[in-house]
Amino acid sequence: MDSDETLMQAFARGDQKAFDMLYARHKGPVFRFILRHVREQELANELHQEVWFKLIRAAEAYEAKAKFTTYLYHIANNLLVDHGRRNTTHLQAVSDQYEEDDTVLASQLNDTLGQAIIEDCLALMRAAVQALPVVQRDAFVLQQEGGHSLEAIADITDSNRETIKSRLRFAIKTLREKLRDCL
(Lines give C-alpha, C1' and ligand atoms only; values in the text may rest on other atoms or scores of the structure.)
Protein backbone atom coordinates (compact mmCIF):
# COMPACT_ATOMS: atom_id res chain seq x y z
CA MET A 1 0.00 0.00 0.00
CA ASP A 2 1.36 3.39 -0.97
CA SER A 3 2.07 5.93 1.77
CA ASP A 4 0.03 9.11 1.92
CA GLU A 5 3.10 11.11 1.02
CA THR A 6 3.75 8.99 -2.08
CA LEU A 7 0.11 9.32 -3.12
CA MET A 8 0.18 13.08 -2.69
CA GLN A 9 3.30 13.33 -4.82
CA ALA A 10 1.67 11.14 -7.47
CA PHE A 11 -1.41 13.36 -7.40
CA ALA A 12 0.79 16.43 -7.83
CA ARG A 13 2.06 14.78 -11.03
CA GLY A 14 -1.51 14.34 -12.26
CA ASP A 15 -2.55 10.92 -10.94
CA GLN A 16 -6.25 11.33 -10.10
CA LYS A 17 -6.48 7.83 -8.61
CA ALA A 18 -3.87 8.82 -6.03
CA PHE A 19 -6.09 11.70 -4.92
CA ASP A 20 -9.12 9.39 -4.77
CA MET A 21 -7.20 7.07 -2.44
CA LEU A 22 -6.12 9.95 -0.19
CA TYR A 23 -9.65 11.26 -0.05
CA ALA A 24 -11.07 7.83 0.79
CA ARG A 25 -8.53 7.38 3.61
CA HIS A 26 -8.96 10.76 5.26
CA LYS A 27 -12.39 12.18 4.44
CA GLY A 28 -14.08 10.81 7.57
CA PRO A 29 -11.56 11.89 10.21
CA VAL A 30 -11.12 15.36 8.65
CA PHE A 31 -14.88 15.85 8.47
CA ARG A 32 -15.32 14.84 12.14
CA PHE A 33 -12.51 17.21 13.13
CA ILE A 34 -14.32 20.07 11.39
CA LEU A 35 -17.74 19.08 12.71
CA ARG A 36 -16.41 19.10 16.27
CA HIS A 37 -15.64 22.78 15.81
CA VAL A 38 -18.65 24.11 13.96
CA ARG A 39 -21.43 21.74 15.14
CA GLU A 40 -23.46 22.37 11.99
CA GLN A 41 -23.62 19.64 9.38
CA GLU A 42 -24.09 21.96 6.41
CA LEU A 43 -21.29 24.31 7.44
CA ALA A 44 -19.02 21.35 8.19
CA ASN A 45 -19.71 20.00 4.68
CA GLU A 46 -18.77 23.35 3.13
CA LEU A 47 -15.57 23.67 5.15
CA HIS A 48 -14.70 20.04 4.46
CA GLN A 49 -14.94 20.67 0.73
CA GLU A 50 -12.84 23.81 1.10
CA VAL A 51 -10.08 21.81 2.83
CA TRP A 52 -9.90 19.43 -0.11
CA PHE A 53 -10.02 22.29 -2.63
CA LYS A 54 -7.12 23.95 -0.84
CA LEU A 55 -5.22 20.67 -0.89
CA ILE A 56 -5.84 20.31 -4.62
CA ARG A 57 -4.67 23.88 -5.28
CA ALA A 58 -1.53 23.32 -3.19
CA ALA A 59 -0.66 19.93 -4.69
CA GLU A 60 2.10 21.15 -6.99
CA ALA A 61 3.86 22.92 -4.12
CA TYR A 62 3.60 19.93 -1.74
CA GLU A 63 6.87 18.66 -0.31
CA ALA A 64 6.95 15.58 1.89
CA LYS A 65 8.77 17.30 4.76
CA ALA A 66 6.29 15.98 7.33
CA LYS A 67 3.55 13.38 7.42
CA PHE A 68 0.78 14.03 4.94
CA THR A 69 -1.80 14.01 7.73
CA THR A 70 0.06 16.81 9.48
CA TYR A 71 -0.10 18.81 6.26
CA LEU A 72 -3.79 18.03 5.74
CA TYR A 73 -4.84 18.84 9.30
CA HIS A 74 -2.77 22.02 9.20
CA ILE A 75 -4.88 23.12 6.23
CA ALA A 76 -8.08 22.18 8.09
CA ASN A 77 -7.01 23.93 11.28
CA ASN A 78 -6.04 27.11 9.43
CA LEU A 79 -9.38 27.08 7.63
CA LEU A 80 -11.22 26.77 10.96
CA VAL A 81 -9.18 29.61 12.45
CA ASP A 82 -9.96 31.79 9.42
CA HIS A 83 -13.63 30.85 9.66
CA GLY A 84 -13.62 31.78 13.35
CA ARG A 85 -12.07 35.15 12.57
CA ARG A 86 -14.64 35.86 9.87
CA ASN A 87 -17.46 35.16 12.27
CA THR A 88 -17.87 36.90 15.58
CA THR A 89 -18.79 33.71 17.39
CA HIS A 90 -16.09 31.46 18.74
CA LEU A 91 -15.43 28.08 17.24
CA GLN A 92 -17.56 25.48 18.94
CA ALA A 93 -16.63 21.86 19.44
CA VAL A 94 -18.75 18.80 19.15
CA SER A 95 -17.64 16.54 21.92
CA ASP A 96 -19.38 13.51 20.49
CA GLN A 97 -16.20 11.56 19.95
CA TYR A 98 -17.23 8.20 18.65
CA GLU A 99 -20.87 9.14 19.34
CA GLU A 100 -22.24 6.83 16.68
CA ASP A 101 -20.19 3.89 17.96
CA ASP A 102 -21.13 4.69 21.55
CA THR A 103 -24.82 4.91 20.69
CA VAL A 104 -24.67 1.57 18.91
CA LEU A 105 -22.87 0.01 21.87
CA ALA A 106 -25.37 1.41 24.35
CA SER A 107 -28.36 0.31 22.27
CA GLN A 108 -27.03 -3.24 22.10
CA LEU A 109 -27.05 -3.63 25.86
CA ASN A 110 -30.00 -5.60 27.14
CA ASP A 111 -29.63 -4.33 30.68
CA THR A 112 -31.73 -1.17 30.91
CA LEU A 113 -29.91 0.07 34.00
CA GLY A 114 -26.53 -0.57 32.38
CA GLN A 115 -27.66 1.25 29.26
CA ALA A 116 -28.83 4.24 31.30
CA ILE A 117 -25.51 4.41 33.15
CA ILE A 118 -23.52 4.22 29.92
CA GLU A 119 -25.68 6.88 28.26
CA ASP A 120 -25.28 9.17 31.29
CA CYS A 121 -21.51 8.70 31.26
CA LEU A 122 -21.31 9.31 27.51
CA ALA A 123 -23.34 12.50 27.89
CA LEU A 124 -21.05 13.62 30.72
CA MET A 125 -18.00 12.84 28.59
CA ARG A 126 -19.31 14.81 25.61
CA ALA A 127 -20.14 17.77 27.85
CA ALA A 128 -16.75 17.58 29.57
CA VAL A 129 -14.85 17.54 26.28
CA GLN A 130 -16.98 20.38 24.94
CA ALA A 131 -16.31 22.45 28.08
CA LEU A 132 -12.52 22.24 27.64
CA PRO A 133 -10.79 25.40 26.43
CA VAL A 134 -10.52 25.31 22.63
CA VAL A 135 -6.74 24.82 22.56
CA GLN A 136 -6.94 21.90 25.01
CA ARG A 137 -9.91 20.39 23.19
CA ASP A 138 -8.13 20.62 19.83
CA ALA A 139 -5.01 18.92 21.18
CA PHE A 140 -7.10 16.21 22.86
CA VAL A 141 -9.27 15.51 19.80
CA LEU A 142 -6.29 15.51 17.43
CA GLN A 143 -4.50 13.00 19.65
CA GLN A 144 -7.45 10.77 20.52
CA GLU A 145 -9.48 10.92 17.30
CA GLY A 146 -6.73 11.55 14.79
CA GLY A 147 -4.01 9.53 16.49
CA HIS A 148 -1.53 12.35 15.92
CA SER A 149 1.77 12.59 17.77
CA LEU A 150 2.73 15.58 19.90
CA GLU A 151 4.98 16.82 17.11
CA ALA A 152 2.22 16.54 14.53
CA ILE A 153 -0.27 18.37 16.77
CA ALA A 154 2.31 21.09 17.35
CA ASP A 155 2.76 21.46 13.58
CA ILE A 156 -0.99 21.45 12.93
CA THR A 157 -1.70 24.12 15.56
CA ASP A 158 1.47 26.18 15.05
CA SER A 159 2.54 25.50 18.64
CA ASN A 160 5.53 23.81 20.17
CA ARG A 161 5.73 20.29 21.56
CA GLU A 162 5.92 21.35 25.22
CA THR A 163 2.85 23.55 24.85
CA ILE A 164 0.92 20.63 23.40
CA LYS A 165 2.09 18.35 26.25
CA SER A 166 0.87 20.92 28.73
CA ARG A 167 -2.49 21.34 26.99
CA LEU A 168 -3.01 17.58 26.92
CA ARG A 169 -2.00 17.22 30.56
CA PHE A 170 -4.51 19.89 31.64
CA ALA A 171 -7.24 18.46 29.38
CA ILE A 172 -6.81 14.96 30.78
CA LYS A 173 -6.68 16.22 34.37
CA THR A 174 -9.90 18.18 33.84
CA LEU A 175 -11.64 15.25 32.16
CA ARG A 176 -10.62 12.87 34.94
CA GLU A 177 -12.01 15.23 37.55
CA LYS A 178 -15.30 15.71 35.72
CA LEU A 179 -15.69 12.04 34.85
CA ARG A 180 -14.55 10.58 38.18
CA ASP A 181 -17.90 8.86 38.79
CA CYS A 182 -17.87 7.19 35.37
CA LEU A 183 -14.32 5.86 35.49
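Name the pairs whose Cβ atoms lie under 6 Å apart, with the first residue in segment 167-181 and of a type outside the set (A, V, I, L, M), the second modelled with pLDDT under 90, and 6 or more positions between them or separate chains?
LYS178/ALA128
From the list HIS74, HIS37, HIS26, pick out the single residue that is surrounded by fewer than 18 Cβ atoms within 10 Å (Cβ to Cβ), in contact (Cβ under 8 Å) with a residue 24 or more places away in the chain and within 21 Å of ASP138 (Cβ to Cβ).
Details: HIS37 fails: surrounded by fewer than 18 Cβ atoms within 10 Å (Cβ to Cβ); HIS26 fails: surrounded by fewer than 18 Cβ atoms within 10 Å (Cβ to Cβ).
Going through HIS74, HIS37, HIS26 in turn, the sole match is HIS74.
With ALA44, ALA64 as the choices, which residue is more than 13 Å from GLY146 (Cα to Cα), in contact with a helix residue (DSSP H, G or I) (Cβ under 6 Å, 6 or more places away or on another chain), in contact (Cβ under 8 Å) with a residue 40 or more places away in the chain and of a type in the set (Gly, Ala, Ser)? Full working, then the answer.
Working: ALA44 fails: in contact (Cβ under 8 Å) with a residue 40 or more places away in the chain.
One residue alone meets the criteria, ALA64.
Where residues in segment 57-111 are at pLDDT 70 or above and hydroxyl-bearing (Ser, Thr, Tyr), which of them is farthest from LEU7 (Cα to Cα)? Give the steps one after another, and end with the answer.
Taking segment 57-111 first, the residues at pLDDT 70 or above are 57-86.
Right, trim to hydroxyl-bearing (Ser, Thr, Tyr) and you get 62, 69-71, 73.
Numbers: TYR62: 11, THR69: 12, THR70: 15, TYR71: 13, TYR73: 16 Å.
The qualifying residue farthest from LEU7 (Cα to Cα) is TYR73.
When you look at ARG176, is it out of contact with any Leu (no Cβ under 6 Å at 6 or more places or on another chain) and at pLDDT below 90, yes or no? Walk me through how you get there before you give the answer.
Numbers: out of contact with any Leu (no Cβ under 6 Å at 6 or more places or on another chain): yes; at pLDDT below 90: yes.
Yes: the conditions hold for ARG176.
The values are calculated or read from the model by the stated rules, or taken from the named source; none is laboratory data. The shown structure was predicted, so the numbers you read here are calculated from the model rather than taken from an experiment. As a convention, Cβ positions derive from the backbone with ideal geometry for all residues, glycine included, and neighbour counts pool all protein chains shown.
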